[in-house]
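A short worksheet on the structure shown next.
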Amino acid sequence: MAAHEPAKMIFTAEQKRRAIERELTFRRRVYARMVETGKMTKAAKDEQIAIFEAIGADYAAAETSERLI
């Protein structure tokens with residue numbers, strides 16, 4: 001019997017941007033604790049947050065384009 005593949009879901013740029021915003025809220029809180037406990041450097045925290053902020057900006061730009069379609 002062949003494995004059943006889940007249906008492929010399609011998400012809008014707005015949905016993706018909102019998910020990134022939720023993830024950023026979570027990561028800011030968790031990473032701050034990790035820096036406090038010495039499990040992450042401040043530089044690593046700042047870099048990771050910046051990456052997710054850039055992803056959010058990309059989706060915000062895509063969201064604008066989707067509205068024009």
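Where a number appears in this text, it was derived from the coordinates with a stated rule and is not lab data. Note that the structure is predicted; figures quoted are calculated from it, not measured.
Below is a table of values for the structure above.
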{"quantity": "Hits among aspartates and glutamates - C-alpha to C-alpha of Lys42 under 18 Å, sequence gap 8 or more where chains match", "calculated": "Glu53"}
{"quantity": "Quarter of the Cα convex hull surface for the chain, i.e. its orientation-mean projected area (nm²)", "calculated": "7.3"}
{"quantity": "Mean residue ellipticity (222 nm) of the chain, computed from DSSP H runs ≥ 4 via -39,500 (n - 2.57), nearest 500", "calculated": "-26500 deg cm²/dmol"}
